[in-house]
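A short worksheet on the structure shown next.
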Amino acid sequence: MLQQFFIRCSGADSKILKTCSEGEQNKYAGIGATVFFTAIMAFIASSYALFTVFDNMYYALFFGMLWGLLIFNLDRFIVSTIKKRDSFKKELLQATPRIILAIIIALVISKPLELKLFEKEINQVLLEQKNEMSLANKQQLALQYSPEIEKLNQDIADLKSEITFKVKETNALYDIYINEAEGTAGTKLLGKGPVYAEKREKHDAALTELDQLKASNTLKIYRLESQIIDLNNEYDTVVKNSQPVIDGFDGLMARVNALTELPWIPSFFIFLLFLAIETSPIVAKLLAPIGEYDLKLEEEESILQTWISQKVTQRQKIHETNIILSDKIHSELTEEEALYTYKKQRTIALMQKQADSFYDIQVKNL
């Protein structure tokens with residue numbers, strides 16, 4: 001039962017193969033098994049690849065099944081159409097399109113399994129890329145907020161410098177009127193005279209201005225700091241909202257790109273493995289020697305070609321004979337007097353009817 005299934009997978013004519021030896025049947029059962037398991041591998045690889053795309057098991061299995069059936073049908077068709085003859089070059093020429101296609105398919109279906117085999121290494125590469133992307137994202141977003149924050153900080157620094165300058169000015173005035181009272185500077189008269197009162201008044205006025213400036217600038221600084229806090233909160237919110245996009249950077253294309261960052265030798269050998277699997281049905285058929293089945297199949301095709309050629313020749317002969325007979329019959333009919341008399345009478349009658357019809361039309365037009 002299993003042997004018959006694999007023979008059907010090989011695309012061989014089961015009726016002819018039943019008349020062959022057991023060894024010949026086993027050979028084609030082996031070719032059919034190669035075709036079948038190649039399709040199974042294609043199904044597994046494509047299902048995993050599609051699962052990474054759709055993230056849905058049912059979609060992946062459905063389209064993976066379609067891909068496996070496509071590969072199965074293609075391999076079965078090409079294996080069955082490669083005729084074992086004495087010319088290996090002709091057989092290789094027949095198999096060349098499938099070998100080229102096998103290289104392409106091997107590249108396609110080997111990648112998903114590479115992604116699974118090197119999943120941990122790929123995750124590490126993706127983590128590094130995500131970290132770099134997060135830093136780059138923060139720096140890029142910071143370029144949008146930094147100039148405004150720096151300007152606000154500069155405004156705060158200017159307001160604080162204004163207060164500091166006013167404090168120094170007030171302290172200087174304080175030192176002046178104290179020195180005047182002590183007699184160590186100014187008039188150098190000990191005591192609180194008119195000059196002292198004047199200088200004390202200037203200090204008190206500056207002190208009042210300082211208090212007003214502190215109150216005003218403190219309020220301004222508070223508002224500016226609030227703006228800075230709002231900008232920082234907005235920046236943090238934008239960074240937080242953009243982070244899920246970076247965290248989701250682990251799709252199929254991202255993983256394939258991450259795979260290229262790893263050493264190429266393991267991936268190359270996996271590709272060679274799948275290339276061998278994909279080309280194995282063709283190689284098995286090409287390397288198989290001409291057997292009893294191939295000779296019987298060639299004989300059946302030869303009988304069919306001979307029969308068709310005979311039928312075509314017979315139809316051509318019949319056609320040629322019909323032409324000759326038709327020409328002979330028509331040439332003999334030209335000598336028949338009765339046929340001539342009949343044709344003459346019918347022609348005269350037709351010409352009379354045409355003359356009468358023409359006469360009636362002319363009369364109506366008068």
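Among the residues of the range 44-64, is any in contact with a helix residue (DSSP H, G or I) (Cβ under 6 Å, 6 or more places away or on another chain) and either acidic (Asp, Glu) or within 19 Å of GLU298 (Cβ to Cβ) (or both)?
For the range 44-64, residues in contact with a helix residue (DSSP H, G or I) (Cβ under 6 Å, 6 or more places away or on another chain) and either acidic (Asp, Glu) or within 19 Å of GLU298 (Cβ to Cβ) (or both): absent.
Suppose the filter is farther than 30 Å from ASP13 by Cβ and exposed (fewer than 12 other Cβ atoms within 10 Å of the Cβ); does ASN153 pass it?
Criteria not met by ASN153.
Looking only at the range 310-332, decide whether some residue is surrounded by 11 or more Cβ atoms within 10 Å (Cβ to Cβ), part of a helix (DSSP H, G or I) and at negative phi.
no
Assuming GLY68 fulfils every condition listed in (1) buried (at least 18 other Cβ atoms within 10 Å of the Cβ); (2) in the same structural domain as ASP230 (by TED's automatic domain parsing) apart from one, which condition is it?
So GLY68 meets the others, but not (2).
What's the number of the only condition in (1) free of Cβ contacts under 8 Å to residues at least 60 places away in the same chain; (2) loosely packed, with under 14 Cβ neighbours inside 10 Å; (3) over 36 Å from the mean Cα position of the chain (by Cα) that PRO97 fails to meet?
Every listed condition holds for PRO97 apart from (3).
Go through the range 212-235 and count every residue that is surrounded by 12 or more Cβ atoms within 10 Å (Cβ to Cβ) and of a type in the set (Asp, Glu).
Within the range 212-235, residues that are surrounded by 12 or more Cβ atoms within 10 Å (Cβ to Cβ) and of a type in the set (Asp, Glu) number 2.
Give just the number: which of (1) in contact (Cβ under 8 Å) with a residue 24 or more places away in the chain; (2) under 16 Å from VAL125 (Cβ atoms) does PRO263 not satisfy?
Unmet for PRO263, out of (1) in contact (Cβ under 8 Å) with a residue 24 or more places away in the chain; (2) under 16 Å from VAL125 (Cβ atoms): (1).
Are there any pairs, at least 6 apart or on different chains, whose C-beta atoms fall under 6 Å, with the first in the range 142-153 and touching a residue at least 40 places away in the same chain (Cβ under 8 Å) and within 15 Å of ASN233 (Cα to Cα) and the second outside any helix (DSSP H, G or I) and of a type outside the set (A, V, I, L, M), and if so, which?
Between residues of the range 142-153 that are touching a residue at least 40 places away in the same chain (Cβ under 8 Å) and within 15 Å of ASN233 (Cα to Cα) and residues that are outside any helix (DSSP H, G or I) and of a type outside the set (A, V, I, L, M), there is no close pair.
Determine the pairs where a residue that is assigned by TED's automatic domain parsing to the domain that holds ILE99, located within the range 32-43, has a partner that is surrounded by fewer than 22 Cβ atoms within 10 Å (Cβ to Cβ) and among the β-branched types (Val, Ile, Thr) with Cβ atoms under 7 Å apart, the partner being 6 or more residues away or on another chain.
If the second residue must be surrounded by fewer than 22 Cβ atoms within 10 Å (Cβ to Cβ) and among the β-branched types (Val, Ile, Thr), the pairs left are THR38/ILE277; MET41/ILE277.
Okay, residues lined up against (1) part of a helix (DSSP H, G or I); (2) at pLDDT 80 or above; (3) at positive phi; (4) of a type in the set (Lys, Arg):
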{"residue": "THR184", "(1), (2), (3), (4)": "no, no, no, no"}
{"residue": "LYS192", "(1), (2), (3), (4)": "no, no, no, yes"}
{"residue": "ASN241", "(1), (2), (3), (4)": "yes, yes, no, no"}
{"residue": "PRO244", "(1), (2), (3), (4)": "yes, no, no, no"}
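Of the conditions (1) more than 24 Å from the chain's Cα centre (by Cα); (2) among the charged types (D, E, K, R); (3) in a helix (DSSP H, G or I), LYS83 satisfies every one except a single condition; which number is it?
Against the list (1) more than 24 Å from the chain's Cα centre (by Cα); (2) among the charged types (D, E, K, R); (3) in a helix (DSSP H, G or I), LYS83 comes up short only on (3).
The values are calculated or read from the model by the stated rules, or taken from the named source; none is laboratory data. As the structure is a computational prediction, the values presented were derived from the model and not from experiment. Cβ atoms come from the backbone with ideal geometry, glycine included; neighbour counts cover every protein chain shown.
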